[in-house]
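What follows is calculated from the coordinates using simple rules that are stated; it is not laboratory data. These numbers come from a predicted model, not from an experiment. Using ideal geometry, Cβ is built from the backbone for each residue, glycine included, and neighbour counts are taken over all protein chains shown.
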4 protein chains.
Amino acid sequence: MAIVDVTVIPIGTDGPSVSDYVADIQEILVGFQKEGKIEFRLTPMSTIIEGNLPELFSVIQAIHEAPFQKGLQRVATNIRIDDRRDKKVKMEDKLNSVEVKRANR
Amino acid sequence: MAIVDVTVIPIGTDGPSVSDYVADIQEILVGFQKEGKIEFRLTPMSTIIEGNLPELFSVIQAIHEAPFQKGLQRVATNIRIDDRRDKKVKMEDKLNSVEVKRANR
Amino acid sequence: MAIVDVTVIPIGTDGPSVSDYVADIQEILVGFQKEGKIEFRLTPMSTIIEGNLPELFSVIQAIHEAPFQKGLQRVATNIRIDDRRDKKVKMEDKLNSVEVKRANR
Amino acid sequence: MAIVDVTVIPIGTDGPSVSDYVADIQEILVGFQKEGKIEFRLTPMSTIIEGNLPELFSVIQAIHEAPFQKGLQRVATNIRIDDRRDKKVKMEDKLNSVEVKRANR
């Protein structure tokens, strides 16, 4: 189980807003989630996705393709992978682990 | 007003857990927040901070220093800046904007 | 043809040096290059790899696995993808294009 | 002495090319370099800059501003900081260190 944090930046858009492209990507992610393959969460800066790493790479490729479907010719995608194998860590666990550390001080 | 998304990765830790370092960073951020300089939010993958860009650079420097205070000798910090100037956008606005786009389809 | 820029950060190493892990990754990349699947270049901060995007995802997965083979339990990998489809752009072209712009000023 | 790896992505450009913006940034960096404050190197994917960390933050702010000067309203800047304090490491040293590891196998 790994967690990835992804931003897909469409380049050459008409104006500064990109929320229409982000909405497309959310639809794609909802599809993968319904199939039980991933969990995901939208933050103000990126989308965080949790799943098996090979599955996550497929999902990343799918959302990276989305702006090209709308006619754009260039996309800059940024991915942070956090892959920990000594124990199964889910998105919530990471937040809780920090809170416990702070509470115990 | 800009929004930044920051991960501070301590290198050379004893074992895979880094939550103790993340807890330190949260304390520092609470301090800046109390002074009214920033808003911030912890996600499972990073910390998102909102404020004026010069202020944000000071904050980033401060949290990047934290692991060195604990004796580490190397830190890898990753920063994504989203700086939009045609309108004032806050963290919540970005999420809402995507939700509105999806609801209107 | 896409270009990716990858850093693989091993977490929980004994001390600040990670060059041994980077050397492993270079060996893996040389293997893929000999098969004619990619071109790559090491920079002081990352490895830049050029190839078809699905191939690049396989390569990224392979190098992300390397530190686990040495017994580490956590790896943080960071990937920037630049994917441009209006014309075939290779690594060298990008540098040349900036030089031409500067020379013509 | 730290090393940073920076991409400045202008959003809302007319078309997929951004080399004109990258050329502006190179001019700014040449200015800082002439003052003896930094060393830098352009790669096909980013600009790598070496210097003292507070200086580097000033430089990053300056190049992040460049696309706004050309009338754009949004810029996405991505920064990787590698800050090692057990020894003074320069850009070339990092590449050499990996080569030595590979040669000794």
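Each other residue within a Cβ distance under 9 Å of C:Q73 adds +1 if Lys or Arg and -1 if Asp or Glu, for a net charge of +3.
Inter-copy label distances for D:G15: 2.2, 5.3, 5.7 nm (label point placed 7 Å from Cα along Cα→Cβ; shortest first).
Closest approach to the axis carrying A onto B, counted by Cβ on chain A and given in whole Å with its residue, is A:T43, 2. Note on A:82-90: average number of Cβ atoms from other chains within 10 Å of each residue's Cβ is 6. Label-point spacing at B:K88 relative to the other copies reads 4.6, 4.6, 5.1 nm, in ascending order, each point sitting 7 Å out from Cα along Cα→Cβ. Peptide C:4-12 has a mean of 6 when you count, residue by residue, the C-beta atoms of other protein chains within 10 Å of its C-beta. As a ratio to 2.2 N^0.38 Å, the alpha-carbon radius of gyration for the stretch D:5-53 is 1.23. The modelled label-to-label distance between B:K88 and D:V30, using points 7 Å beyond Cα along the C-beta direction, is 4.0 nm.
The convex hull built on the alpha-carbon positions of the protein assembly as shown has an orientation-averaged projected area of 20.3 nm². Remark: D:R41, C:R84, A:R80 ranked as D:R41, C:R84, A:R80, counting other beta-carbon atoms within 10 Å and listing the fewest first. Under a Gaussian network description of chain B, with springs only between Cα atoms under 10 Å, the residue in B:E39, B:E50, B:E92 that fluctuates furthest is B:E92. Helix C:53-69 and the longest principal axis of the Cα set of chain C meet at an angle near 30°. The phi-based Karplus calculation (6.51 cos²θ - 1.76 cosθ + 1.60; θ = phi - 60°) puts the 3J(HN,Hα) values of the stretch B:85-90 at 10, 7, 7, 7, 10, 9 Hz, whole numbers, x for Gly and Pro.
Across identical copies of the chain, D:G31 has label-point separations of 3.4, 4.7, 4.8 nm, listed in ascending order, with the point defined 7 angstrom from Cα along Cα→Cβ. Shown for chain D is the translational diffusion coefficient from the Stokes-Einstein equation, using the Kirkwood radius over Cα pairs, a temperature of 25 °C and a viscosity of 0.890 mPa s: 165 µm²/s. Be a star and scan the stretch C:19-40 for residues whose amide nitrogen sits under 19 Å from the point 7 Å along the Cα-to-Cβ vector of C:A62. The answer is C:21-40.
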